[in-house]
Amino acid sequence: MSCDYGKIGKHFMSSVFALVDCNNFYVSCERVFNPKLVGRPVIVLSNNDGCAVARSNEAKALGIKMAVPVFQIKDLIKHNKVQVYSSNYALYGDMSQRVMQTLTQFTPDLEIYSIDEAFLDLAGCKRINLTEYGRNIKTTVEKWTGIPVSVGIAGTKTLAKIANHLAKKSKKANGVLDLTTAKYMDQALAAVAVGEVWGVGRKYAGFLKANGIDNALQLRDADDNFIKKKMGIVGLRLLNELRGISCYPIEQSPPRRKSVTVSRTFKKAIASLDELLEAVAAYVSTGAEKLRQENSVAGVLIVYVMTNRFKDDYYYNSVTLKLPVQTNDTSELIGYAREGLRGIYKKGGQYKKTGILLHDLGPETLVQANFFDTVDRNRSKKLMQAVDAINCEMGSGAIKYGAVGVGRNQSWKTAFNQRSRSYTTHWDHLLEVT
Ligand SMILES: [Mg+2]
């Protein structure tokens, strides 16, 4: 069975999630510091390969597609005076931090899902008008950071994603859509193409369409056995989520490609830097392993810490590290993460959560050599392959880095230990890493 139905019952009755997503994030960041760009077509290019990775609405209206190589649209750029920027991850990381910091005002339970998206657990806010609350989130973020956002609210994370998608598209919604009531649900789901549904991916989108399932509504009403046979447990969870049955609490999500995040809420707050360093090293190990499974490398690493939101001395901070060379080497990433954490750690804080986010992903094969690169990439690759092979054979964590620590009762593990440790081999726990 896909989920524990005892738990589902509880979630079904009580869960409310908001997905806050920054609009055209990189372009919006550029606009904050260069208001002349407002109202004009703007694109931001990827790190190495010269593709458009962010587009303003005006650029989208010109027909510039996501990830299009810039040389293919040279004439279009010239004729329409499209403003072209290289990506500036230091700036985007800093703006991301400001947005996330602002969002912590609205809930104690926040999951940073990507550089420009966060899920907010609003289960405690059910008695208030959620549309108004969403509107308040939107205006506050815009006022405090200059970044426009859209807010989708629903009973499951998958539906919140859909609500967000529609909030962006619909003039009437004007950036905020609450789908917690069933009134417009069918209409909303019918308006979303199946390939746009969170976790469906390109491979399954083609398969579903070939079987007459074109939109989210048809997917919701699809036959359980058929979906389970073709898409496994992940597919069944998807159906449940579309039906309003929450299968993904905060910090758990279906597998995905765009970035890798690993975070954990500690059962007991942690004050010691050493323990936080171990926790971060462990999360980086998991994240790097995930990258290697998909033959990807990351160019940006974000580390963040949060103390208990209900305490007076609430503290949230993050650091964005632009890596000199894209990598998936565990020891290299641990080194950066530790350095980053030391920079944001504030003594005396009672830390409730820490997490890492690997961003700017690219295929391993395209890593560009850097003249100043001091790492022997071939040697590192062979070592990682050996580590992964042993961990695959002997169980995850059979070989781990010293930085992760060796104690059995590390307090950062406490919350983690409530769940199965076989998260790389068990369907049910695969989703801890997203
Ligand atoms: Mg966005």
Report, for the chain, the % of DSSP beta bridges that are antiparallel, rounded to 5. 85 percent
Are there trypsin sites (Lys or Arg not before Pro) in segment 75-154 that DSSP puts in a loop and that have at most 13 other Cβ atoms within 10 Å, and which ones? Lys81, Lys126, Arg127
What is segment 237-305's relative contact order, in percent, from Cα pairs under 8 angstrom and six or more apart in sequence? 23 percent
If the cut-off is a Cα-Cα distance under 19 Å, which aspartates and glutamates reach Lys168, setting aside same-chain residues fewer than 8 apart in sequence? Asp21, Glu58, Asp116, Glu117, Glu132, Glu142, Asp178, Asp186, Glu196
Longer than 29 Å from Cα to Cα, which of Lys81/Lys157; Lys138/Lys267; Lys169/Lys228; Lys126/Lys290; Lys81/Lys171 are they? Say none if no pair is. Lys81/Lys157; Lys138/Lys267; Lys169/Lys228; Lys126/Lys290
Per the Kirkwood definition applied to all pairs of different Cα atoms, how many angstroms is the hydrodynamic radius of the chain? 22.7 Å
Which residues qualify? For Thr156, with a placed amide H closer than 5 Å and at least 5 residues away or on another chain, they are Phe17
Would you please put 157-170, 177-190 in order of how densely packed they are, using the mean number of other Cβ atoms within 10 angstrom per residue and starting with the highest? 157-170, 177-190
Residue by residue through segment 208-214, the couplings from Karplus 6.51 cos²θ - 1.76 cosθ + 1.60 with θ = phi - 60°, in Hz, x for Gly and Pro, are 5, 4, 4, 9, x, 9, 9
Residue by residue, what Karplus-based ³J(HN,Hα) values in Hz, rounded to whole numbers, does segment 354-363 have, using 6.51, -1.76 and 1.60 with θ = phi - 60° and x for Gly and Pro? 9, x, 10, 9, 9, 10, 6, 7, x, x
Theoretical FRET efficiency, 1/(1+(r/R0)^6), r = Cβ-Cβ of Arg40 and Asp75, R0 25 Å, to 0.05: 0.90
Cα→Cβ-extended label distance, 7 Å offset, between Trp144 and Cys125, nm: 1.2 nm
One quarter of the C-alpha convex hull surface, i.e. the mean projected area of segment 81-178 in nm², amounts to 7.3 nm²
Percentage relative contact order, the chain, counting C-alpha pairs under 8 Å, at least six apart: 15 percent
Under 8 Å for C-alpha pairs, at least 6 residues apart: give me the relative contact order for segment 124-249, rounded to a whole percent. 22 percent
Relative to the present Cα-Cα distance, how much length would full extension add between Arg135 and Arg202 at 0.36 nm per residue of separation? 20.9 nm
Which aspartates and glutamates have a Cα less than 20 Å from the Cα of Lys347, not counting those fewer than 8 places away in the same chain? Asp274, Glu275, Glu278, Asp312, Asp313, Glu339
Based on Cα positions only, what radius of gyration and what Dmax would you give for segment 119-167, in angstroms? 10.9, 29
To the nearest Å, what is the center-to-center distance of segment 167-188 and segment 341-360, using C-alpha atoms only? 35 Å
Between Gln218 and Glu294, what is 0.36 nm times their sequence separation minus the Cα-Cα distance? Round to one decimal in nm. 24.3 nm
Let me have the 222 nm mean residue ellipticity of the chain computed from DSSP H runs of 4+ only, each contributing -39500 (n - 2.57), with the sum over all residues rounded to the nearest 500. -12000 deg cm²/dmol
At 0.36 nm per residue, minus the direct Cα-Cα distance, what do Ser380 and Ala190 gain on full extension? Give it in nm, one decimal, please. 63.6 nm
Once phi is turned into θ = phi - 60°, what whole-Hz ³J(HN,Hα) does the Karplus curve with 6.51, -1.76 and 1.60 give for every residue of segment 338-347, x standing for Gly and Pro? 5, 4, x, 4, 4, x, 10, 5, 10, 5
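Rule-based calculations on the coordinates, nothing more; no lab input. As the structure is a prediction and not an experimental result, all values here were calculated from the model. Counting neighbours? That spans all protein chains shown, and the Cβs are built from the backbone with ideal geometry, glycine included.
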